[in-house]
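Colleague: Dropping a structure here in structure tokens format, bear with me for questions.
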Amino acid sequence: MTYEELKKIGKKMIGPERAVYDEVIRKWDHIAKPIDGLGKFEKIIARIGAIQHNKKVKTENRTLIVFLSDNGIVDEGVSQCGQEVTVSVAKAMSEGRSTVCVMADKANVKVHAVDVGMAGERINGIKDLRIRNGSRNFAKEPAMSMQETLDAIKAGYDTALNVIKAGADIILLGEMGIGNTSTSTALSCAILNTDPLTLTGHGAGLGSERAEHKRRVISDALAACDHDRNDIPGLLSIFGGYDIAAMTGAILASATECTPVVADGLITLTAVLVAERMFPGIKDICIASHEPREPMGRLIMRELDMEAPIDADMALGEGTGAVLLMPLIDVCKNLYDNGIEFDGLGVKAYKRYDQET
């Protein structure tokens, strides 16, 4: 894929249909409950319908795509463990034993794991679309070449398109790769021109001293970067990683197919930020599952004007927050589909006095 081809695909995006959103809200208002009684969940159901251009909201067939990739920045000692953990989790994922797989089984979510840049051995049962054996160390050199960046975007685009064509109503995004909180924080700071010293979190359990070292590594790398901050593909290639690029492609594919995307934590939100800066308006097909623990993740949500229904101090990754949202949506959608209306109770309906925004 070339950048010109990518931009042509971007022109095929289909945004949410406001008329459908309003129609779903009107149906909610006729169900025997207080207006907006389910709060954010009513709006999420309405948004899903608007994105699908269908008031008969479809949520039954959902697939979590987990992109696995390693990050060269781990050479700087920014993580508690090494890249061998990515391989271990990938093996467990291929056997349906990883954390997200166990959760997804209960939540009726299919898991589709894709290797776009792991550094270790290739794993049977994990789709092999590897671009390179891990990204380069962005503290010393660009993490990815521009062609690798475009190849990773295409890998994610093709993956999501195939999953949607196979029947998915909703795409959930997840990732796995040691060091990717450093990658995503650096990339987001570069895009938003913000200070990593106040926005870099502890990742997967770093102590205070190691977390401070992580902040300094990211800060120094950003200080050394004189690249145009408006060149989003360029920044993506400088800081990485293959998982973020692939998720950007998956979001683009979903936007051309009227398919909602459920974002997970910091890394997936970084992909939403990248996608939005490359294709303005694409964030409107994305739904945030939860408020991430990482401070940069929360900043991205504010920057993109996203709200999440879950705030549980989560920082697990793999798409677990996105999976956790689905049973909550199931319960609310069951009410949307089958709830008794005021007429059925012989009760006068509540009126909506405030203008819906």
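Colleague: Rounded if a/c is under 1.5, else prolate if a/b is larger than b/c, else oblate: which is the stretch 94-162, with a ≥ b ≥ c the root eigenvalues of its Cα gyration tensor?
Modeller: Prolate shape, in that a/c is at least 1.5 and a/b is the bigger ratio.
Colleague: Another one. Looking at the square roots a ≥ b ≥ c of the eigenvalues of the Cα gyration tensor of the stretch 268-337, which shape do they give, rounded for a/c under 1.5, prolate if a/b is larger than b/c, or oblate?
Modeller: Oblate is the answer for the stretch 268-337, as a/c is 1.5 or above yet b/c matches or exceeds a/b.
Colleague: When all C-alpha to C-alpha distances in the stretch 3-50 are sorted into bins of 10 Å, what percent of pairs does each bin hold, rounded to whole numbers?
Modeller: Bin by bin from 0 Å, the calculated values are 26, 36, 18, 14, 6, 0.
Colleague: When each pair of different Cα atoms in the stretch 230-285 is counted once in the 1/r mean, what is the Kirkwood radius in angstroms, to one decimal?
Modeller: Averaging 1/r across every pair of different Cα atoms and inverting gives 11.2 Å.
Colleague: Let me ask something else about it. Quick one: among L38, L235, L325, which has the greatest mean-square fluctuation in a GNM of the chain with alpha-carbon springs under 10 angstrom?
Modeller: Checking each option, the largest mean-square fluctuation is seen for L38.
Colleague: Continuing with this model, one more query. When the chain is treated as a GNM, springs tying every alpha-carbon pair under 10 Å, which of Q83, Q147, Q52 comes out with the largest mean-square fluctuation?
Modeller: The residue that fluctuates most here is Q147.
Colleague: Helix 18-30 against the longest principal axis of the chain: what's the angle in degrees, Cα atoms only, rounded to the nearest 10?
Modeller: 50 degrees
Colleague: For all pairs of alpha-carbon atoms in the stretch 296-357, what percent lies in each bin of width 5 Å, listed from the first bin to the last filled one?
Modeller: Pair shares across the bins are 4, 11, 14, 16, 17, 13, 11, 8, 5, 1.
Colleague: Taking R0 as 25 Å, what's the FRET efficiency between C81 and N193 from their Cβ-Cβ distance, rounded to 0.05?
Modeller: Efficiency at R0 = 25 Å is approximately 0.20.
Colleague: With the crude spin-label approximation of a point 7 Å out along Cα→Cβ, what separation in nm comes out for E303 versus N162?
Modeller: A separation of 3.1 nm, rounded to one decimal place.
Colleague: Go through the stretch 36-83 and name the GluC sites (Glu not before Pro) that are in a DSSP coil and have 15 or fewer other Cβ atoms within 10 Å of their Cβ. List each step's numbers first, then the result.
Modeller: Values: sites: E42, E60, E76; in loops: E60.
Of the GluC sites (Glu not before Pro), the ones in loops of the stretch 36-83 whose Cβ has at most 15 other Cβ atoms within 10 Å are E60.
Colleague: Between [x] 74, 50, 47; [y] 56, 45, 42; [z] 70, 43, 41, which entry matches Cα extents along the principal axes in Å as derived from the coordinates of this structure?
Modeller: [z]
Colleague: Same structure, new question: Over what distance in Å are the Cα centres of the stretch 270-290 and the stretch 207-267 separated?
Modeller: Centre-to-centre distance over Cα atoms comes out at 12 Å.
Colleague: Can you tell me the 0 to 90 degree angle between the C-alpha axis of helix 84-94 and the longest principal axis of the chain, rounded to 10?
Modeller: Approximately 40 degrees, to the nearest ten.
Colleague: Give the value in nm², to one decimal: projected area of the alpha carbon convex hull of the stretch 1-137, averaged over all directions. Could you put the intermediate results ahead of the total?
Modeller: Details: hull surface 48.6 nm².
Hull-based average projected area comes out at 12.2 nm².
Colleague: Which percentage, to the nearest 5, of the DSSP beta bridges contained in the chain is antiparallel?
Modeller: Antiparallel: roughly 5 percent of the beta bridges in the chain.
Colleague: May I pose another question? List, largest first, the extents of the alpha carbons of the stretch 190-349 along their principal axes, each in whole Å.
Modeller: The Cα atoms of the stretch 190-349 stretch 68, 37, 26 Å along their principal axes.
Colleague: Here's something else I'd like to know. 7 Å from Cα along Cα→Cβ at both S219 and D313: what's the point-to-point distance in nm?
Modeller: The modelled label-to-label distance comes out at 2.7 nm.
Colleague: Taking the Cβ of each residue in S184, S88, S219 as the centre, tally the other Cβ atoms inside 10 Å and list the residues starting with the fewest.
Modeller: Values: S184 31, S88 13, S219 16.
With the fewest neighbours first, S184, S88, S219 line up as S88, S219, S184.
Colleague: Going down the table (K11/K283; K43/K165; K283/K333; K8/K56; K12/K127; K165/K283), which pairs top 19 Å between alpha carbons?
Modeller: Where the Cα-Cα span goes over 19 Å, the pairs concerned are K43/K165; K283/K333; K8/K56; K12/K127; K165/K283.
Colleague: So what are the ³J(HN,Hα) numbers for the stretch 50-67, from phi and the Karplus equation (6.51, -1.76, 1.60; θ = phi - 60°), rounded to whole Hz, Gly and Pro as x?
Modeller: Those phi angles translate into 5, 5, 7, 6, 8, 5, 7, 4, 10, 9, 5, 9, 9, 10, 8, 9, 9, 9 Hz.
Colleague: Just to be sure I understand: with springs between alpha-carbon atoms less than 10 Å apart, which residue in S94, S289, S254 has the highest mean-square fluctuation in the Gaussian network model of the chain?
Modeller: Result: S94 has the largest fluctuation of those listed.
Colleague: Note down, for the stretch 145-248, the three equivalent ellipsoid semi-axes (square root of 5 times each alpha carbon gyration tensor eigenvalue), biggest first, whole angstrom.
Modeller: 28, 18, 10
Colleague: Given the stretch 64-129, report the % of alpha carbon pairs whose separation exceeds 16 Å.
Modeller: Considering the stretch 64-129, 46 percent of its Cα-Cα pairs are separated by more than 16 Å.
Colleague: How big is the gap, in Å, between the Cα center of the stretch 57-92 and the Cα center of the stretch 142-169?
Modeller: If we compute the Cα centre of each part, the gap is 16 Å.
Colleague: Please state the relative contact order of the chain as a whole percent: Cα pairs under 8 Å, 6+ residues apart?
Modeller: That works out to 24 percent.
Read-outs throughout are calculated quantities, based only on the coordinates presented, and are distinct from any laboratory measurement. For clarity, every value in this text was computed on a predicted model and none was experimentally measured. Virtual Cβ from ideal backbone geometry, glycine too; neighbours counted across all protein chains shown.
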